[in-house]
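Written out below as structure tokens is the structure these notes cover.
The values are calculated or read from the model by the stated rules, or taken from the named source; none is laboratory data. Source: prediction; values computed, not measured. FYI the Cβ positions are ideal-geometry reconstructions off the backbone, even for glycines, and counts take in every protein chain you see. When the accessible area is computed, the model is the full protein with side chains, heavy atoms only, and any ligands, DNA or RNA have been set aside. Shrake-Rupley method; radii C 1.70, N 1.55, O 1.52, S 1.80 Å.
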Amino acid sequence: MEIVKNMEGTTLKVQLIGRLDTNTSPALDESLGQESGFTDVDFDFEKLDYLSSAGIRLLFACRKKLGGAEHVVVRNANEVIREIFRVTGFERQITLK
């Protein structure tokens, strides 16, 4: 998985390319931990092919750390990932755009 990050004000913009799964979620967790000063995370999933439960756990931890659904945005998720969010109920735990 490739991670592209940039800070815009207090929002950390994160583009993920590839797969977010058991093997790659630790790298994303470490990458997010290296950043400071952000109050919101905006994930771009346009080029994310796959999301596992490990990835969902990481997103949930991010939401919990930042204080609520309004602080974690997921954009451009494909239909399969949107269905995963719907089935798991996670679509109510983040802001899905």
Out of Thr11, Ser31, Ser52 - ranked by how far each Cα lies towards the positive end of the dipole of segment 1-74, with unit charges on the beta-carbon of charged residues - the top one is Ser52
Applied in sequence order to segment 40-57, the curve 6.51 cos²θ - 1.76 cosθ + 1.60 (Karplus, θ = phi - 60°) yields integer Hz couplings, x standing for Gly and Pro, of 9, 10, 10, 8, 9, 9, 3, 10, 8, 8, 8, 9, 9, 5, 5, x, 5, 4
With x for Gly and Pro, the residue-by-residue ³J(HN,Hα) of segment 18-33, computed from phi through the Karplus equation 6.51 cos²θ - 1.76 cosθ + 1.60 at θ = phi - 60° and given in whole Hz, is x, 10, 10, 9, 4, 6, 9, 5, x, 5, 5, 4, 5, 4, 5, x
The relative contact order of the chain, taking Cα pairs under 8 Å that sit 6 or more residues apart, comes to a percentage of 26
Computed ³J(HN,Hα) along segment 6-12: with the Karplus parameters 6.51/-1.76/1.60, θ = phi - 60°, integer Hz and x for glycine or proline, the list is 7, 9, 10, x, 9, 9, 8
A 1.4 Å probe over the protein heavy atoms gives segment 58-97 a carbon and sulfur accessible-area percentage of 52
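Please find the FRET efficiency linking Tyr50 to Glu8, where r is the Cβ-Cβ separation and R0 is fixed at 25 Å, and quote it to the nearest 0.05.
Working: r = 27 Å, r/R0 = 1.07.
That pair, Tyr50 with Glu8, gives E of 0.40.
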Taking a probe of 1.4 Å and leaving out DNA, RNA and ligands, segment 1-95 shows per residue an accessible area in Å² of 55
